[in-house]
Amino acid sequence: MAGKIAPDDVNAFVPGPRVHVDGRTGGPLSGLTFAAKDLFDVAGYPTGGGNPDWAKYNPIPTRHSWAVQRLLDAGASLIGKTITDEVSLGIVGENAFYGTPVNVRAPGRVPGGSSSGSAAAVAAAVCDTAIGTDTGGSVRVPASFCGLYGIRPTHGRIDVSGMLPQAPSSDTTGWFARDAATFARVSGVMLDEAIPSALPKRLVIAPDAFAFAEPEVAETLRPMVEKLTALIGDAREEIMAPGGIVQWARAQRTLQPSEAWLTFKDWVERCNPRLAYNVARNIYTGSQIPETERHWAELVRREARGRMRYLLPPGTILCLPTTPFPAPRRGEPLAVASVQRDRILCLAAHGGLTGVPQVNIPGATVEGLPIGLSIVGGHGTDATLVAVAAALGGA
């Protein structure tokens, strides 16, 4: 362990001694630096999970998580562990104990969560790439708010060993980059697959998702959609969620908290940890969801997965706004932030619900604030989505 410690002018890194692990010499990512969300194990350092009491009651890891080891083996050097919303239960990026990382692309605004520190560090050019987690939108949302490339891979595609779980049926490992070339380079390593040169032949534009976003968001994304259409060559509009985006979101907000309660139940009951009110409320809410609601949500999940299979046969991708609006202001009252959170999750719920891969592509702004366009593919088409993002980034 050696090397220069990069400054942290954006409150991206967890307090305390900074982690630094040099990557393998001569790997495909040699020369790159990365940061890891504080849900990923790094041997010899506590995994804090964004909460002061998590590490107290959990042992210090003796080996790296799969994702950290993968990047180190490829030659990238780890320069620190980054702040996360408490035990990943958040979507705007504010942490009551460690503060809110600074979004340099949207001053005075949240970075998005729960992979807030990872996104903030990449956006501020403190590191070249960073790993985060995405259960209900925690890579896609900060990628949109911070103007970054970001991916939620196909559920189950990336090994999540050594990653603190939340809701296993939705949990994924994702990553960020500022530019398309670095994003493709890192993606090829993480996916263990060459990024193809061939692109999809058909594009579905989801009008219900665009209508759910603020009108100025739909308008500012129009040129990107036009470029994407020209790139693919064959585009049509088709509703993503015929039963309603809100219904899909309700199902995800039933399944995800239910699983999160099971994940954290023993810790909460045994240790009575310090938790921010909104985090404690979310955990408690998950404990109170009845079996009938979970059964209904599972049926919606089955329906949503079938719909995505119909919309995304081989050679087809879908596009939608990543978030319904740009990054909200920091420090909003809980009543305001809760409404914002619900709207954000409505455009992100399909990821955890159906397990499809999704890439956020930066390139648009609303009044100077970044907003992302997302592309979605069928299961296993992660590398193809990266190829489209790279091609659009060079258009």
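Only one entry in 268, 225 is within 23 Å of residue 144 (Cα to Cα) and among the β-branched types (Val, Ile, Thr), namely 225.
Among the candidates 156, 80, the residue that is of a type outside the set (Asp, Glu), touching a strand residue (DSSP E or B) at 6+ places or on another chain (Cβ under 6 Å), on the phi > 0 side of the Ramachandran plot and not in a helix (DSSP H, G or I) is uniquely 80.
Every test in (1) surrounded by 18 or more Cβ atoms within 10 Å (Cβ to Cβ); (2) farther than 17 Å from residue 324 by Cβ; (3) of a type in the set (Val, Ile, Thr) is passed by residue 229 save one, and that test is (1).
Within segment 1-40, the set of residues being of a type in the set (Val, Ile, Thr) and under 22 Å from the mean Cα position of the chain (by Cα) comprises 10, 14, 33. Does residue 385 fit the bill of being assigned to a helix (DSSP H, G or I), modelled with pLDDT of 95 or more, out of contact with any strand residue (DSSP E or B) (no Cβ under 9 Å at 6 or more places or on another chain) and open to solvent by less than 30 Å² (accessible area, probe 1.4 Å)? In short, no.
A quick yes/no check of all residues on (1) polar (S, T, N, Q); (2) touching a strand residue (DSSP E or B) at 6+ places or on another chain (Cβ under 6 Å); (3) open to solvent by less than 50 Å² (accessible area, probe 1.4 Å):
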{"site": "280", "(1), (2), (3)": "no, no, yes"}
{"site": "284", "(1), (2), (3)": "no, no, no"}
{"site": "287", "(1), (2), (3)": "yes, no, yes"}
{"site": "294", "(1), (2), (3)": "no, no, no"}
{"site": "300", "(1), (2), (3)": "no, no, yes"}
{"site": "305", "(1), (2), (3)": "no, no, no"}
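Pairs linking a residue in segment 44-67 that is without any contact (Cβ under 8 Å) to a residue 12 or more places away in the chain to a residue that is assigned to a loop (DSSP other than H, G, I, E, B) and open to solvent by 50 Å² or more (accessible area, probe 1.4 Å), with Cβ atoms under 7 Å and 6 or more positions apart or on different chains, are 55/46. So which residues in segment 15-53 are among the basic types (Lys, Arg) and open to solvent by less than 10 Å² (accessible area, probe 1.4 Å), if there are any at all? The answer is 37, and nothing else. For residue 298, the requirement of being more than 22 Å from the chain's Cα centre (by Cα) and farther than 25 Å from residue 158 by Cβ is not met. Based on this model, can you work out whether residue 171 counts as under 12 Å from the mean Cα position of the chain (by Cα) and of a type in the set (D, E, K, R)? It is true that residue 171 is under 12 Å from the mean Cα position of the chain (by Cα) and of a type in the set (D, E, K, R).
Every listed requirement among (1) over 21 Å from the mean Cα position of the chain (by Cα); (2) of a type outside the set (Phe, Trp, Tyr); (3) more than 30 Å from residue 77 (Cα to Cα); (4) open to solvent by 10 Å² or more (accessible area, probe 1.4 Å) is met by residue 257 save one, (1). Within segment 312-360, the set of residues being more than 17 Å from residue 154 (Cα to Cα), part of a loop (DSSP other than H, G, I, E, B) and over 16 Å from the mean Cα position of the chain (by Cα) comprises 325, 328, 330, 331, 332, 333. Please count how many residues of segment 74-108 are open to solvent by 30 Å² or more (accessible area, probe 1.4 Å) and under 22 Å from residue 179 (Cα atoms). Here the count works out to 4.
From the list 319, 346, exactly one residue is open to solvent by less than 20 Å² (accessible area, probe 1.4 Å), modelled with pLDDT of 95 or more and over 25 Å from residue 259 (Cβ atoms). Which is it? Residue meeting the stated conditions: 319.
The values are calculated or read from the model by the stated rules, or taken from the named source; none is laboratory data. Since we're looking at a predicted model, the values are computed, not measured. Please note: Cβ atoms are built from the backbone with ideal geometry, for glycine as well, and neighbour counts cover all protein chains shown. SASA here: full protein model, heavy atoms, side chains in, ligands and nucleic acids out. Shrake-Rupley method; radii C 1.70, N 1.55, O 1.52, S 1.80 Å.
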